[in-house]
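Below is one structure, written out as structure tokens; comments come after it.
Just so it is clear, none of the values below were taken in a lab; they were calculated from the coordinates. Treat the numbers as computed from the prediction; the structure is a model and nothing was measured. Virtual Cβ from ideal backbone geometry, glycine too; neighbours counted across all protein chains shown.
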Amino acid sequence: MAEAGVATVVGTGGRRSKLFRVGEVKPYLFVLPFIGLEALFLLLPLGMSLYYSLFDIKYLIVGDFVGLQNYFEIFSNRRFLASVGVTMTFSLFSLFFTFIVGFALALWLVKDNGHSVFMRAIILVPYVISMLVGSLLLKWVLSQDAGLTDLLLGPLGIPSLSILGDPSTAMAAIVYNGVWRDSAFAMMLLMAGLKSIPLHIYQAAKVDGASKLYTFWRITLPLMRMPILITLVRLLLYFVNSLTFQLVLTGGGPAGATTNIVLHMYRSAFEDSLLGLGNAMSFVLFLFNLAIIAVIIILFRVSGRTPK
Amino acid sequence: MGRYYARTLATVLAATCSLGAIAQANAGTVTMWTFLNPENTSGREVALRNVIEKYEANHPGVDIVVEPQDWATMTEKFVLSHSANRAPDIIWSAQDLGLLVNSGAVTSLNPYLADWLAENDDDLLFDNAYDNATYDGELMAVPLFPYSVLVFYRKDHFAQVGLTEDDLDTWDGFAAAVKKLQDAGLPGLLLPLSEDKPSSTIATTAYMDLNDGHLLAEGCVADFATDIGVQALTLQTDMIKSGLISQEAVARTNDDAWDLFIGGRGSIVPQTSARAGALLSSSDWANEETVGIVPWPSFTTDHHGPSVGASWQVSLWSGSQNKEEASDFMAFMASEEGAKEWAVTGEQLPLRASVANLPELSGGVFALNQAASEALNETGRFPRPGCAESSTMGDWNRAAQDVLLNGISPVDALQEATDSTNRRQ
Amino acid sequence: MRRATVQKMVNVIVSVIVTVIVLFPILWGLSTSLKSTDRILKVPPDVVPNPPVLDHYYSIFERGLGRYLFNTVVVSSITVLVVLLLGFMAAYALARMEFRAKRAITTGLLIIMSIPLASLLVPTFTLLANLNLLDTRTGLVLLYTTYELPLTIWLISNYIKTIPESFEHAALIDGYSRGAVMRKVTLPLAMPVVIASSLFTLTFAWNDFIVAVTMNASEGIKTLPVGIYNFLGIFSREWGPLTAAAMISIIPIVIIFVVFQRYFVSGLTGGGAKG
């Protein structure tokens, strides 16, 4: 029963209708403004930054052509390599928790009643508030001086703790910041997916006597493949490229424990004014991002081939 | 292939660069970028408005247009605007003058202000600020508000436990004072040690003291991984290990430490003297009876530790079409009339001897400014012109963090700080 | 009956816990915005402002917040409209039309989405300067549109692919033009994703700070996040005005979200997924 529904709702992506097979011109007109904008304001600057990455740039003034020397310098820099590790740790933990929390919230609040609408609005507030202000407020709350941690942990017999002064708890703090802000984003995307699943499929499953758990694993999850893919890719790209959390909440510290690639790049480019080096890092980061997307998509293709 | 690609890009680049790039020059209009907004109500901003109004009244036909900027990105944006040939005539800067000069974005003031400087030399205070703004004999900026990172302390807390400011003369006395405050249940020392927005610390001050007052050697060369470097860094890390400074310090920025001090959570904090006014207005306890400003400690009683001086200053865009008018206005901002506005209305350290003794400058914030002014004159060391020093403080903080949290030896940590600093020059 | 009551209670308890966790820092901000300057950093802090004062709210409007708000509204609403228009067209083409570059564009979307924006700031500044778009609201709209289009197109085209084509067939057979089918059949069916993606665009445009602070200088066209950031002055962090401005900036966007909830629902129930 359910399988038939899957085919009509989700499976049409592969089929093409003759009616919509139009001439070669019209689709290009449809995508042209998009391509034009991306070419001018994204690809051209990207090309320029790639070009600049081959130069020694000091004081924002382009100096000698140095070839790949900036790239060699990056990969021989211990701190850059450490920032790659930090980026992966932060991104994976944040992704895991944000996705779980976001999915739970989406399932909880998917029904459109007054309570859900209200709760969704509340959960959305951290996402819509300026990241800068959000992280500043969170820093205030998490700092030892606020006394909140002592208040919560004191009764448990845990001695006074400097969350932001210790490498591992500082990492936990920025992961928390990420989850706090972006669970709403995951919730929204996943909820849009949940809502696109026709009710009759669930009704059919109910008639067939399927348990809630069974329905979730066998109907909801398979039908949610695309929304889940979109959510994961978007969140991961977002976490890998995050700057504000690190810059505002932890300043990349302590001892570099939360300095990710972007913060390292930002410091090199804007604080040290070493733009050539910064551009080289950003190009490496770009390749890193591409690799992430490729891995996720391949994982999905592989898992998609397993029989339902 | 690679070469072809690079050449294509270069062509595109050149083509886009030739597209626009028309400098707009309206005769009689002088544009200025500053972090102050003359429409606002703080003392400094009112002072700027007054200075502009006075100048425009004396010079009909000249229009001073201020485009307020975000202070943190102003210098970089100015250099980029200079490359695009559309920068304002006058730019304010503090510690980034090197970037402006080295990028060629600002021009020498000698052709315009040499005579003015000669006439006013006797009255102008803070000679070091002028030295700091002079490159190869060319004056590249006119200093307006000098300031320095000094030690703020709570007079009331000190009195409670029988301490005086003399106890802060040496590092031993400093540590003992912090201990005494802590033992009495009073708040102690707030030291910001984050890599973000770094400023002078115990370690950098002690190092400068042991290194003839300089952070960097001639030619902007850093060499921190030495015995005196280790001595200075260890002085600071030992104070954290022994609990005189909270471990949370490694996460605190200058702003965080300052907010805690305003909130009454500290008895000693290093801070820029320019924030004295904000302290009085945003806390319910601070007044000239309860807060004082002293120079940094040193290892001996015969002198105080060095402080890093800096100044907000104004420079002239090298592409300006109005250099005469613009430089004339710059000189007016540092004239006796301008200096009076900055000192009295703006509550800044007085620029001129003739202003310093005005009767208006007494009590409240002016008392703190007086103390800061004396400390700056006695211990202020302005960085060597052209050296990129401000991020070096961050390198030292990173070294302290590495020693405390990553178990790296002080020498190795300082070697990394040395490399980071030298890479930037 | 009793099970329903227990469920209801659990629901309420979870709601309260989630609300507290989510809103705590923000309520702290709200409380701060209502305190007088000399009480903001006081220790121990007043949990509830005593007495609450609106000084910071008055002062931020005196200091040009109304203008910043106006600029932000203009820039973000135009951005949302342009992104939707261009995004829907392109998404429709990718979902429903056959053309040679389609596969390349679909892959290109993913590649474009993985470009780290922070690295583009400096070349983009030079580019805008040469196009005479520096220091303009138009420049910001173009950049935001460029940055948000790929996600929008990806979301919408993936969604359209899940809508059965039979509705569009039926409409075409009834004599509608292809444009009319797009507008009258596909768009309503895709409404949930159109609204969801618009919210993402809006949030980005509303909150962007780093692009705006780099590209724009003049006071007259400053947007809200840049105005907020400026309260983190060199001489002090002005927590009162900062939090007051942040609170003001949240209100419109939360209202928009609550209002659009209805369309979110109607777009679904009126759509084809029901069939």
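For the residues A:Phe245, A:Phe97, A:Phe65, a GNM of chain A with alpha-carbon springs under 10 Å puts the largest fluctuation on A:Phe65. Look at the alpha carbon pairs under 8 Å that are at least 6 residues apart: their mean separation over the length of region C:56-274 gives a relative contact order of 34 percent.
Rounded to the nearest Hz, the phi-derived 3J(HN,Hα) couplings of region C:68-80 under the Karplus curve 6.51 cos²θ - 1.76 cosθ + 1.60 (θ = phi - 60°) are 4, 4, 4, 4, 5, 4, 4, 4, 6, 5, 5, 4, 4, where x marks glycine and proline. Under the shape rule built on the C-alpha gyration tensor, where the axes satisfy a ≥ b ≥ c, chain C is oblate, since a/c reaches at least 1.5 while a/b does not exceed b/c. Just how many % of Cα pairs in region B:57-98 lie over 17 Å apart, if you round to the nearest whole percent? In whole percent, the long-distance tail amounts to 40. Legend: P(r) of region C:18-133 from all alpha carbon pair distances, 5 Å bins from 0, whole percents, reading 2, 8, 9, 9, 12, 12, 11, 10, 10, 8, 5, 3, 1, 0. Close amide H contacts of B:Asp63 (hydrogens built in the peptide plane, cut-off under 5 Å, sequence separation of 5 or more or a different chain): B:Thr29, B:Val30.
Here the relative contact order of region B:54-180, from alpha carbon pairs under 8 Å that lie six or more residues apart, stands at 14 percent. Between amide H atoms placed 1.01 Å from N, distances below 5 Å from A:Phe55 occur with A:Val66, all of them 5 or more places distant or on a separate chain. Spin-label model, C:Phe260 to C:Thr5: label points 7 Å out along the Cα-to-beta-carbon direction sit 4.1 nm apart. Quick one: angle between helix B:171-183 and the longest Cα principal axis of chain B, in degrees between 0 and 90, rounded to 10, please. Orientation of helix B:171-183: about 70 degrees from the principal axis. For chain C, what is the mean residue ellipticity at 222 nm derived from helices alone (per DSSP H run of n ≥ 4: -39500 (n - 2.57); sum divided by total residues; nearest 500 deg cm²/dmol)? Here the helix-only value at 222 nm equals -23000 deg cm²/dmol. Springs between Cα atoms under 10 Å define the GNM used for chain A, and in it the highest mean-square fluctuation of A:Asn70, A:Asn279, A:Asn260 occurs at A:Asn70. To the nearest ten degrees, helix C:2-33 and the longest principal axis of the Cα atoms of chain C are 60 degrees apart.
Once the Cα atoms are used to define both axes, helix B:323-333 deviates from the longest principal axis of chain B by about 30 degrees. With R₀ fixed at 45 Å, the C-beta to C-beta distance from C:Ser218 to B:His303 puts the FRET efficiency at about 0.40.
Report the extension gain between C:Asn132 and C:Leu23 in nm, rounded to one decimal, defined as 0.36 nm multiplied by the number of residues separating them, less their alpha carbon distance. It would help to have the intermediate numbers written out before the result.
Numbers: separation 109, 0.36 × 109 = 39.24 nm, distance 4.25 nm.
Between C:Asn132 and C:Leu23, full extension yields an extra 35.0 nm.
Near B:Val106, the amide H atoms lying under 5 Å from its own belong to B:Ser318; only residues 5 or more places off or on other chains count, and H is placed 1.01 Å from N. Using Cβ point charges alone (K and R +1, D and E -1), the dipole size of region A:121-257 about the Cα centre works out to roughly 640 debye. Candidate cross-link partners of B:Lys340 among the aspartates and glutamates, defined by an alpha-carbon separation under 12 Å and a same-chain spacing of 8 or more, comprise B:Glu360. Cross-link candidates for A:Lys206: which aspartates and glutamates have Cα within less than 16 Å, leaving aside residues fewer than 8 places away along the same chain? Within the straight-line limit of under 16 Å, A:Lys206 reaches these aspartates and glutamates: A:Glu3.
In order along region A:224-231, the Karplus-derived 3J(HN,Hα) couplings, from 6.51 cos²θ - 1.76 cosθ + 1.60 at θ = phi - 60°, round to 8, 3, 5, x, 5, 4, 4, 4 Hz, and Gly and Pro are given as x. Whole-Hz Karplus values for region A:192-206 come out as 4, x, 4, 6, 7, 7, x, 4, 5, 5, 5, 4, 4, 5, 5 Hz, taken residue by residue from phi with 6.51 cos²θ - 1.76 cosθ + 1.60 and θ = phi - 60°; glycine and proline positions read x. Mean residue ellipticity at 222 nm, helices only, chain B: -13500 deg cm²/dmol; runs of at least 4 DSSP H residues each add -39,500 (n - 2.57), and the sum is divided by the number of residues. For chain B, a/c is not less than 1.5, where a ≥ b ≥ c are the root eigenvalues of the C-alpha gyration tensor, and a/b does not top b/c. That puts it in the oblate class.
Let me make sure I get this right: for region A:53-305, a, b and c are the square roots of the gyration tensor eigenvalues over alpha carbons, sorted descending. Under 1.5 in a/c it's rounded, otherwise prolate if a/b > b/c, else oblate. Which is it?
Working: a/c = 2.54, a/b = 1.47, b/c = 1.73.
Oblate shape, in that a/c is at least 1.5 and b/c is the bigger or equal ratio.
Put a dot 7 Å past the Cα of A:Leu156, heading toward its Cβ, do the same for A:Val295, and the two dots end up 3.1 nm apart.
The dipole here belongs to the protein assembly as shown: it is taken about the Cα centre, uses +1 on the Cβ of Lys and Arg and -1 on the Cβ of Asp and Glu, and is about 8120 debye.
Which of the aspartates and glutamates could be linked to B:Lys180 by a straight reach, that is with a Cα gap under 15 Å, when you skip same-chain ones fewer than 8 residues away? By straight Cα distance, B:Lys180 reaches B:Asp156, B:Glu165, B:Asp166, B:Asp167, B:Asp172.
Got the relative contact order for region A:53-305 handy, in percent, Cα pairs under 8 Å and 6 or more residues apart?
Details: 293 pairs, mean separation 81.0, N = 253.
Rounded, it is 32 percent for region A:53-305.
Label positions at A:Gln203 and B:Val161, each projected 7 Å from the Cα along the C-beta direction, are separated by 7.6 nm. To the nearest µm²/s, what D does Stokes-Einstein give for region C:1-53 at 25 °C and 0.890 mPa s, using the Kirkwood radius over alpha carbon pairs as Rh? Answer, rounded: 186 µm²/s.
The residue among C:Leu30, C:Pro51, C:Asn11 whose Cα reaches farthest toward the positive pole of the charge dipole of region C:1-53, with charges on the beta-carbon of Lys, Arg, Asp and Glu, is C:Asn11. Region C:213-246 and region B:26-72 have Cα centres spaced 19 Å apart. At an R0 of 25 angstrom, the distance between the Cβ atoms of C:Val16 and A:Arg218 translates into a FRET efficiency of 0.15. For chain B, a simple Cβ point-charge model (Lys and Arg +1, Asp and Glu -1, everything else neutral) yields a dipole of about 1340 debye relative to the Cα centre.
Per DSSP helix of 4 or more residues, -39500 (n - 2.57); summed, then divided by the residues of chain A. What does that give at 222 nm, rounded to the nearest 500?
Numbers: 14 runs with 197 residues, N = 308.
One gets -20500 deg cm²/dmol as the mean residue ellipticity at 222 nm.
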